[in-house]
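Note sheet for the following structure.
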Amino acid sequence: MDIEGTTTPIEFVHQVLFPYARTRMHDFLTRHADDPDIRSDIALLRAEHAAEGTSSDDLASAESYIYWLMDHDSKSTGLKSLQGRIWAEGYRNGDLKGKTVVYADVPAALRRWRAAGKDIAIFSSGSVQAQRNLFANTTAGDLSGFVSDYFDTTTGPKRLASSYHRIAERLGHPPGQIQFVSDVTAELDAAREAGMRTVLCVRGSTLESSSSHARVSSFDELA
């Protein structure tokens, strides 16, 4: 499953999580400037920036690039890693603990699927760390125990079939035995190209009529 718009309202991500990370980014980078993990994230961001034709070694330049990426809702792996680390602090200090909103049908569906012996996995542009924290701190309680695996953009872009081939291999199931649920048609196209079954999750949004994927508006409609 995807997260944003599928298990969790887009509004929660854009109005709570993203602003939380943005307002704390400068302080976080300053406090952790010598942390090897943070330096690794910054190095990755610099490599991404250099690939676009410009780069700089100073922290201020990297920070400016981070804000630019956030302004453009980029799926940058380096950015998503930093955001995940900031959110992790927020969960630890209580700012975000127990506040993740999930759609009302999600908890019961996760319980139902696990009881039926199904493996449940997440593929999101947010870092694996962020995904784990999100499901462990929902308003419906800790749901992380229902999820057996998490995948982020280190696996590959969500709109490339090769990413879904890698996920199938990691899960140990043929692609045809895996169903991917997302609110983004382009992601479902890639998953279907890899051989997976696909379901478009439509939660109150307008959908283009040309979509050929099966559609649900609630997980209650999923077998």
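The values are calculated or read from the model by the stated rules, or taken from the named source; none is laboratory data. Values in this document were obtained by computation on a predicted structure and should not be read as measured data. Because the Cβ atoms are built from the backbone with ideal geometry, glycine has one as well, and the counts that use them run over all protein chains shown.
Counting only residues that are of a type in the set (Asp, Glu) and touching a Gly at 6+ places or on another chain (Cβ under 9 Å), which one in the stretch 1-43 is surrounded by the fewest Cβ atoms within 10 Å (Cβ to Cβ)? Selected residue: Glu4. Of all residues in the stretch 61-76, at least one satisfies being within 29 Å of Asp119 (Cα to Cα) and in contact with a helix residue (DSSP H, G or I) (Cβ under 7 Å, 6 or more places away or on another chain). Within the stretch 158-183, residues that are more than 17 Å from Trp113 (Cα to Cα) and aromatic (Phe, Trp, Tyr) sit with their Cβ atoms under 7 Å from residues that are at pLDDT 95 or above and part of a helix (DSSP H, G or I), at 6+ positions apart or across chains, in these pairs: Tyr164/Pro175; Tyr164/Ala190; Tyr164/Ala191. In the stretch 157-188, what residues are among the basic types (Lys, Arg) and under 19 Å from Cys201 (Cα atoms)? Result: Lys158, Arg159. Of everything in the stretch 141-200 that is in a loop (DSSP other than H, G, I, E, B) and polar (S, T, N, Q), the residue that is farthest from Leu79 (Cα to Cα) is Ser148.
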